[in-house]
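**Student:** Please read through the structure below; I'll follow up with questions.
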Amino acid sequence: MKSIYKLWVVTILLLTMNGAYAQLKKGSILPDITLQNDQNVSVKLQSFKGKVVLVDFWASWCLPCRKANKSLVKLYDKYKSKNFEIVGISIDTDKDKWLKAIKKDGLKNPQLIDPKGFDARSAVLFGADALPASYLFDSSGKLIAINPTEAQIISNIKK
């Protein structure tokens, strides 16, 4: 009886660990998740399928993220009309600080929030365990690069 109990405990632990450390890999499909945007409207991540999509994980308290936002604003302004979208996902736990950062950084691209820090379902699903973290999907919704360079992003937009 003890061996059955031990087997059951090990099985549960393995299943839990597998879910806790799930992360997207190249070739994965754009996840079917819905988050609130900065206008308090539910947005499906898959609604951006059909475009080259850069999913950018960030937070208002992350200085490298805020610095990267400056480059992302320029990239978005230049390529938004070329079937390209940047979707920001914040893991901020303070919605007011997130909204202030969006305004201060001049972010015009879609901004979503999953307000549970690194425990946020989206961060776990993507494997975003450090910030900033970005994931590039092609127009079919397939993950083609993790933390791509600007040159990689532009190359995929121009395909």
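The values are calculated or read from the model by the stated rules, or taken from the named source; none is laboratory data. Predicted, not measured: the structure shown is a model, and the values here were computed from it. Note that we place each Cβ from the backbone using ideal geometry, even for glycine, and neighbour counts take in every protein chain shown. The area values use the complete protein model at the heavy-atom level, side chains included, leaving out ligands, DNA and RNA. Shrake-Rupley method; radii C 1.70, N 1.55, O 1.52, S 1.80 Å.
**Student:** For the range 30-45, what are the residues that are in a loop (DSSP other than H, G, I, E, B), in contact (Cβ under 8 Å) with a residue 24 or more places away in the chain and surrounded by fewer than 21 Cβ atoms within 10 Å (Cβ to Cβ)?
**Tutor:** PRO31, ILE33, ASP38
**Student:** When both residues are 6+ apart or on different chains and their Cβ atoms are under 9 Å apart, which pairs have a first residue that lies in the range 46-61 and is touching a residue at least 12 places away in the same chain (Cβ under 8 Å), and a second that is in a helix (DSSP H, G or I) and of a type in the set (S, T, N, Q)?
**Tutor:** Qualifying pairs under 9 Å: VAL52/ASN156; VAL55/SER122; ASP56/ASN69; PHE57/SER122; TRP58/ASN69.
**Student:** On to the next question. Those residues that are open to solvent by 40 Å² or more (accessible area, probe 1.4 Å) and either at pLDDT 55 or above or at positive phi (or both), I need them from the range 3-26; list them, please.
**Tutor:** GLN23, LYS25, LYS26
**Student:** Among the residues of the range 113-130, write down those that are surrounded by 20 or more Cβ atoms within 10 Å (Cβ to Cβ) and more than 9 Å from the chain's Cα centre (by Cα).
**Tutor:** Selection gives ILE113, ASP114, ALA120.
**Student:** Could you look through the range 144-159, keep only residues that are hydrophobic (A, V, I, L, M, F, W, C) and not in a helix (DSSP H, G or I), and pick out the one that is nearest to the chain's Cα centre (by Cα)?
**Tutor:** ILE146
**Student:** LYS103 versus (1) within 17 Å of ASN37 (Cα to Cα); (2) open to solvent by 40 Å² or more (accessible area, probe 1.4 Å); (3) touching a residue at least 12 places away in the same chain (Cβ under 8 Å); (4) out of contact with any helix residue (DSSP H, G or I) (no Cβ under 7 Å at 6 or more places or on another chain): which is the lone unmet condition?
**Tutor:** (3)
**Student:** For the range 23-79, what are the residues that are closer than 16 Å to GLN152 by Cα and of a type in the set (D, E, K, R)?
**Tutor:** Selection gives LYS26, LYS51, ASP56, LYS74, LYS78.
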